[in-house]
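Here is the structure we will look at, set down as structure tokens.
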Amino acid sequence: MPNAEVPVVPTAKPDRNRIEQAKRDGHLTVPLMISVRPGRDEEVEQALTALGATVEARDRRIGYLRAEVPVDKVEDAYLVTGVSKVDVDEPLGNRLPEP
């Protein structure tokens, strides 16, 4: 029997904290790393473009897209047919990691 105290978070749901922070910070877009199911690259890219996203990088060999998506359309990006996983891509800071 599963432990009822441990929440289960589906991987297909947007990271609401990061998205809400982006909205509070006044960002109009959010960078997303998107895993695409085999053979669905063009279809996914067209659907993202229709949402107002700008696809900045792609690698069809491994089924990957990086796109700037309007902050109010991020949840729609998770629902695009052919998308297998979406992660909010955060730029690396310039500070050194703490030990």
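Where a number appears in this text, it was derived from the coordinates with a stated rule and is not lab data. The shown structure was predicted, so the numbers you read here are calculated from the model rather than taken from an experiment.
Worth a mention:
- Multiplying the residue separation of LEU28 and THR81 by 0.36 nm and removing their Cα-Cα distance gives an extension gain of 16.7 nm.
- Residues whose placed amide H lies under 5 Å from that of ASP89, excluding near-sequence neighbours: LEU32, MET33
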